[in-house]
Amino acid sequence: VSPLLCHPQVSSSLDTGSLTGAAVADVAGGGLVGSSTTRWVFCGTVDSCGQYQTVPWATHPADLARSVDPGLGSLAGVSQSVADAIRAKWNKSPPMFRGSPVALADVAAFISEVLSSDPFGTGGDVPFLNLQGPGAKVIAISQRQLAYLAANALLGNSIPVGDGLSAALSRCTSQGHDTIVLSLLSFLAVLSRELQGGSHGSMLIAAMPDEGDNAWANKLSQATLKAPTVCKTIGVGSEPSCGKPDFMSGGAIGQAVVDIAGDVIGGGSQLCALANSQDESLVQFYSEVLAFAFFVSSGEPKMLPVPMVFLGARAYLKTLRGESANGQQCGRIEDTSWLNEDIQRGIARVELQGAAAEVAASAFVGVRSKSTAAFGKCDLGDLMNNNCDIQRRHLLDDVAFWYRAFEPGFYAPAIRPAIRGVIRSIGTGPWGAGVWFGDSQQYFLAVWLTTSLLSHGPQLDYYVYDHFCENPGNQCFVLGAQGCADCIRKSGVGDIHPDRCGGASIDDLIAEFAGRRALALFNALQSVGPPPEQVFDLLKAMAPKLDSLMRSPAMLSTTTTPW
């Protein structure tokens, strides 16, 4: 292991004339454009950036480059049976990207070129920072540099301390899972077309926030609740009513996709496969997030913790939507033409550690909620029907979790302008009300409340489904008398009961609270009564006395309960 070194600041070749810290523009032409200059930023703590450790590879990547099988018949980091299955699928119908097929020979050539290019400029060693453990850590690297890490892992090349990506490939493929391999090869396939002439492409920024506190409470009396955008997808084959792409597809410029996570990104499937839960599946489509598991050298299994933000992450595979059908997994990888030809092409020109940088105008944010089910106080049927009082009694924890994940002030100063510049809106489905079985009405209001407290003012894009791939049918309750019963009927979920629909809808609550101070909604939620009445109905009944709910909250605890 090399001693700690400070990488000299290298000026970027990007055009800084339009740098605003928040500018977002669509890039014309064949894909992302970027610098050919070697650059990266590592931060070990909130105030310690510009340092990194370099570690050697088991095999020098330049030597590895000369031994790449042109047909990728062998991948040393992958079981042979999985490598054979992937090769058969690919060769049977090479996927299309931007109008032409990408053969495995094209991917192999790109892998060889990347491995021989020394993209970090370190003579073949690699800078490393373990993303497990506390602190506001940052790893900002280029697309080419991340491709270099993925290529090494696929070919069985790791570092002395071990890395989480190599561990995942071994763990998953030894059990016969091939999705992780298809995801990484698809990432390399797309970049083989986008990164021409040695380009590094755009920057990718993985970051963890510092430890949280309850500073958000000081904003309640000043922040105003801005009406969210509500995107309804009700019925098989329907599209979001707001005119935006499904939030999980990553197609909206400037939108952060919310990973409804547990303690780690990828959850119980351990980065191996799709599942009937969003967190397990989402990471397989966002291949760059998957590849950042390289920077985990501790824990078992070695997986990325939450909360964590990934600026510039894109969906490389299709098809991914929140709406599912009975018996389906969350997301579906096509048998043919599985590359995402509608991949994000927008660019945010931002400031990164004082210099100009280009980042894809999209983000992936892993954030956990409180697990209502973990309390063990209600049966599953009551939880699915918003009929459990404990679902309404962990507001403080949920506000703290969401605020810590999205508030730029918790992150290292080097990347705060980038967070503000990339994340212009937050796209989420039933965060908190998936397989942890929170109350969908309560959680919508908690998310709206907390998003209104964020210093950079992102828009909340809230997506409602009749059959989300977690806890399907439960979100119908946010529609109230306007459409709840019809939504439940279309969902086909027999365990969701129309007699629990209530009267007030999400539109009613927005009309009542938009433009008011956040404190009114916070205090209303803190004092909301128990079931059987739904949360929306109870809050709507408070309308005549909202002015009396403007008292400042009592001193809040600075700790949250781990579940």
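The values are calculated or read from the model by the stated rules, or taken from the named source; none is laboratory data. Since we're looking at a predicted model, the values are computed, not measured. Note that we place each Cβ from the backbone using ideal geometry, even for glycine, and neighbour counts take in every protein chain shown. SASA here: full protein model, heavy atoms, side chains in, ligands and nucleic acids out. Shrake-Rupley method; radii C 1.70, N 1.55, O 1.52, S 1.80 Å.
Tabulated data
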| read-out | value |
| --- | --- |
| Identified option (computed mean projected area of the Cα convex hull in nm²; candidates [x] 31.8; [y] 23.8; [z] 38.2) | [y] |
| Probe 1.4 Å, all protein chains present, accessible-area order of ILE415, ILE234, largest first | ILE234, ILE415 |
| Ratio of Rg to Rh over the stretch 286-438 (Cα coordinates, Kirkwood Rh, two decimals) | 1.01 |
| Cβ-derived FRET efficiency at R0 25 Å, HIS60 paired with LEU129, nearest 0.05 | 0.70 |
| Mean separation of Cα contacts under 8 Å (6+ apart) over length of the chain, as relative contact order % | 18 percent |
| Candidate aspartates and glutamates for bridging to LYS302, where Cα separation is under 13 Å - those fewer than 8 sequence places away on the same chain excluded | ASP163, ASP263 |
| Environment charge of PRO56, counting only residues whose C-beta is closer than 15 Å and scoring Lys/Arg +1, Asp/Glu -1 | -4 |
| Chain lengthening between SER100 and SER238 when straightened (0.36 nm per residue, less Cα-Cα) | 46.7 nm |
| Members of LYS137/LYS318; LYS89/LYS318; LYS226/LYS545; LYS226/LYS318 lying beyond 22 Å, as alpha-carbon distances in this model show | LYS137/LYS318; LYS226/LYS318 |
| For the chain: accessible area per residue (Å², 1.4 Å) | 33 Å² |
| Heavy-atom accessible area order for MET542, MET248, largest first, 1.4 Å probe | MET542, MET248 |
| Peptides 332-338, 502-508, 260-266 ordered by average Cβ neighbours within 10 Å, highest first | 260-266, 502-508, 332-338 |
| Fraction of beta bridges assigned by DSSP in the chain that are antiparallel (%, nearest 5) | 65 percent |
| Of MET203, GLN53, GLN175, farthest towards positive along the dipole that unit charges on Lys, Arg, Asp, Glu beta carbons give the chain | MET203 |
| Relative packing of 63-71, 202-210, which averages over residues the other C-beta atoms within 10 Å, highest first | 202-210, 63-71 |
